[in-house]
Structures are given as C-alpha cells and as structure tokens.
1. Can you pull out every residue in segment 208-261 that is of a type in the set (Val, Ile, Thr) and open to solvent by 10 Å² or more (accessible area, probe 1.4 Å)?
2. Would you check which residues across segment 154-178 are open to solvent by 90 Å² or more (accessible area, probe 1.4 Å) and either more than 17 Å from Ala119 (Cα to Cα) or modelled with pLDDT under 95 (or both) and list them?
3. Quick test of your reading of the structure: Ser91 fulfils all but one of (1) among the hydroxyl-bearing types (Ser, Thr, Tyr); (2) assigned to a helix (DSSP H, G or I); (3) in contact (Cβ under 8 Å) with a residue 60 or more places away in the chain. Name the failing condition by number.
4. Looking only at segment 302-341, how many residues end up being assigned to a helix (DSSP H, G or I) and surrounded by 20 or more Cβ atoms within 10 Å (Cβ to Cβ)?
5. Can you tell me which residue among Val250, Val193 is within 20 Å of Asn107 (Cα to Cα), touching a helix residue (DSSP H, G or I) at 6+ places or on another chain (Cβ under 8 Å) and hydrophobic (A, V, I, L, M, F, W, C)?
6. Within segment 265-287, which residues are part of a strand (DSSP E or B) and open to solvent by 50 Å² or more (accessible area, probe 1.4 Å)?
Amino acid sequence: MIRKNLSMGRRHGWLPFALFVAALLLPLAGCDKRADALIEIGGPTMGTYYSVKIARPPASMTAETLKPDVEVVLDQVIAEISTYDETSELSRLNRNPSTDWIPISSNLYDVIAEGQRIALLTDGAFDITIGPLVNLWGFGPEQRPDALPSSEEIQVARARVGWQKLDVRATPPAVRKARADLYIDLSALGEGVGADRVSALLEARGVADYMIAVAGAIRAKGRNAKGQPWAIAIEEPMPDLRSVHRVIPVSDRALSTSGDYRNFFERDGKRYSHEIDPMTGAPVERNLGSVTVIGESGMVVDGLATALMVMGEARGQAFAEARGLAAFFIVREGETLRGFGTPAFQGYLDR
Ligand code: FAD
C-alpha cells in the first residue's frame, strides 16, 4: 500500500493528460539520445490527445508517413462510435426511432457487444445506455446546464436507461432497442478501442516495440529505446496537480485509468464527476479517485476501469479480486492518498 501526503505544493501543469503521460515517458523511458532510435508522434483526437512512441522502427517508417495513417485509424473510430459527431454511425443509430432490429457494422457491433458483456458482468454498474444521464449532467456533447438537474429530470432520464433494454445480434450484426429513445454512449470504451486499432496498424507494419496512449488508454508492446519495459505513469488523482503517484513497467499489455479528477464540475463545494451510477442516476460520490486496470485489450480495460470507478472501492476491489483482474485503486483519505493493487497487479508494483 502506498500513502502520499497531499499537502505538497500544488504545481500547475496544463498539459492535457495524454501529453502529460507522453512527456513523462520521454525521460522515464530512457529515450535514447539518437533520434533514429525512436519515432514519436501525437495530436488531438476524441476531445483529448493521443501519442505514439516507436522504438527501433522499421527502416522505411518515418513520423511523417506514420502520423496521417494513425489519424485515419482514429478518425475511423470517431466515425463509428462518437456521440460528438452527428454523422457517426452511433449518432445515426441513436437517432433511429425503430424498435426493430437495426443493422450495424461489425466494428460497432464489437464495441456494443463488449459494453453489454461488461454490463452483465457488473450487474449493470457499467451501462452503455447511460447516455441520457451523461448528457443531463452535462458530460456529453451538449452544453452543460447551469443548474443541477431536478429529481424529476433525473427520473425521466433514468427511465430511458437500462442495458437490458438493448439487444445485440452478432449475425448479421444488429441491435434492437426496447425504446425508440434509447441512447448509447460508448465513451467509456472508445479510447481503448482507439489504442487497440492503432496497435493493430503498427503490428501489421512490422513494429515490435511501441507505446500508444489515447488519453488514459494505453497499449505497450515490447521494449523502449533502452531495451527496458515501457515506464507508465499512474497520476495522482488530484484535479490541478500534475504529479506521478507511481510508475510501473509495462510490456505487451493494455492499461487504462479512469478517474473523477479530470472531467468534473463543482457546485456549492461538491464535486460531480462524469462517472454516473445507473442506480441513482447521478455522478458517483466516492473517495475513490482513480482505478487503473491492466489486461490484454484496450477496449476491455477501458470499460472495466470505468466499471470499477462506478462500483467504488469496496465493491470494485471484491469484483476485481474475484476475477483475478490486475487493478490499482487510489483512494483519497483526508489529506492523504492510499494506493493499493489487487494480487494480480502486485507484480507490476514489485518490479
Ligand atoms: P472513462 O472512465 O473511460 O469514461 C467515462 C465516460 O463513460 C463518461 O464521460 C460517460 O460518457 C461514460 N459513462 C459514465 N458513467 C458510465 C457508466 N456507469 N457506464 C458506462 N459508461 C459510463 N469529448 C469531447 O469533449 N469532444 C469530442 O469531440 C469527443 N469526441 C469523442 C469521440 C469518441 C469516439 C469518443 C469515444 C469519445 C469522445 N469524446 C469527446 C469524449 C471524451 O473522449 C471522453 O470524455 C472520454 O472518452 C471519457 O474517457 P475517460 O477516460 O475520461 O473516462
């Protein structure tokens, strides 16, 4: 267990999270001084940032040729699953009033099916039909309302939510909504999907050593420029403090961190974050600042990290340990932060 005292000076770094991770990794990854040992690209995507680092790139690969190809892949994810792009396949699905089977692409099916799998696993703590509540609380594509939603408004939105109101079919890929106004929000999975898709692109190009970050969703393969595992920083879950809680070595794994300290607002001294509890229809109220999950797939760990945030420390820890998940929790306790990992995570802490 790691305890950190929060009273240390507040440093104000305004790097977006992903660039913060990328900037951290440069010195930590032991970046070889020879520029040719490392390709590094990055930019905006999905309302946040991505970064890609490649050690010992294939001879023909350059940052200039790679960057546009990576951004085509990320733009394709947006075109499929963004609720911020009205023309995306998901936005068109959300506007479709049919309660019959609606054909969808196999890519969109894969993400929706994974969302439903995690919903079943977590008894609905994770719920991709959460969109009406996300938007009501101002964490979606619409303008944030000035006033907090009324209990009536919450009940109306909650009536539209419920993962059991959404059927999915693999062959041919399709979904069926129990209500015409069901609204799917895949933001909890999207960054992980982006990291997975870029990982597939790099591997198809023969890249063996890379680290991809799409905001808090990471795919790390092979070794860094110094031949060591990629050093991934787990941030302190503090809103205006850019500092590292822990650095862990990661190779050949996906990692995702969800937290309540980046996307939130305060009203009358109370914090409302973007992790919504489907049971209450409101942002979760926890001392749990962040959860990091390590696994095979970026999409899966991204969804599970959100699910564990919504479940909270005790229930989340029990769930993760019962399933042998590698998860790290950081809890705020007064002026200190207490970080602890599940047994499956311990190996990353001991290295
Ligand atoms: P995570 O914990 O990974 O996800 C939190 C999000 O999950 C919440 O914001 C909410 O949408 C959803 N959620 C909340 N509670 C639950 C629950 N109980 N079960 C399931 N899901 C829940 N943002 C912009 O500002 N501008 C953009 O243009 C933009 N484009 C995007 C395009 C795509 C394809 C995607 C996937 C997201 C986009 N976003 C955009 C949203 C932004 O990237 C999200 O804030 C981010 O994806 C949330 O990830 P996170 O790691 O911050 O939090």
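The values are calculated or read from the model by the stated rules, or taken from the named source; none is laboratory data. Just so it is clear, the structure is predicted and the values come from calculations on it, not from any experiment. FYI the Cβ positions are ideal-geometry reconstructions off the backbone, even for glycines, and counts take in every protein chain you see. Side chains are part of the model used for accessible areas, which takes the heavy atoms of the whole protein and leaves out ligands, DNA and RNA. Shrake-Rupley method; radii C 1.70, N 1.55, O 1.52, S 1.80 Å.
1. At the first step, the residues of segment 208-261 found to be of a type in the set (Val, Ile, Thr) are 212, 214, 218, 232, 234, 244, 247-248, 250, 257.
Once the filter is applied, which keeps residues that are of a type in the set (Val, Ile, Thr) and open to solvent by 10 Å² or more (accessible area, probe 1.4 Å), segment 208-261 yields Val244, Val247, Thr257.
2. Residues of segment 154-178 open to solvent by 90 Å² or more (accessible area, probe 1.4 Å): 155-156, 164, 171.
Hits for segment 154-178 are Gln155, Val156, Thr171.
3. If we test Ser91 against (1) among the hydroxyl-bearing types (Ser, Thr, Tyr); (2) assigned to a helix (DSSP H, G or I); (3) in contact (Cβ under 8 Å) with a residue 60 or more places away in the chain, just (3) comes out false.
4. From segment 302-341, those assigned to a helix (DSSP H, G or I) are 302-311, 313-322; that's our starting set.
Next, only the ones that are surrounded by 20 or more Cβ atoms within 10 Å (Cβ to Cβ) stay: 302-311, 316-317, 319-320.
The total comes to 14.
5. On the way: Val250 fails: within 20 Å of Asn107 (Cα to Cα).
Exactly one residue qualifies, and that residue is Val193.
6. Taking segment 265-287 as the starting set, the residues that turn out to be part of a strand (DSSP E or B) are 265-267, 270-273, 276-277, 282-283.
Listed by number, the residues that qualify are Glu266, Arg267, Lys270, Arg271.
Let's see how each residue does on (1) surrounded by fewer than 19 Cβ atoms within 10 Å (Cβ to Cβ); (2) touching an Asp or Glu at 6+ places or on another chain (Cβ under 8 Å); (3) at pLDDT 95 or above:
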position: Ile118; (1), (2), (3): no, no, yes
position: Thr122; (1), (2), (3): no, no, yes
position: Leu133; (1), (2), (3): no, no, yes
position: Gln143; (1), (2), (3): yes, no, no
position: Asp146; (1), (2), (3): yes, no, no
position: Glu152; (1), (2), (3): yes, no, yes
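Okay, residues lined up against (1) modelled with pLDDT of 95 or more; (2) more than 8 Å from the ligand (Cβ to nearest atom); (3) aromatic (Phe, Trp, Tyr); (4) within 16 Å of Val293 (Cα to Cα):
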site: Asp181; (1), (2), (3), (4): yes, yes, no, no
site: Ile184; (1), (2), (3), (4): yes, yes, no, no
site: Ser187; (1), (2), (3), (4): yes, no, no, no
site: Glu191; (1), (2), (3), (4): yes, no, no, yes
site: Arg197; (1), (2), (3), (4): yes, yes, no, no
site: Ala204; (1), (2), (3), (4): yes, yes, no, no
site: Asp209; (1), (2), (3), (4): yes, yes, no, no
site: Arg219; (1), (2), (3), (4): yes, yes, no, yes
site: Arg223; (1), (2), (3), (4): yes, yes, no, no
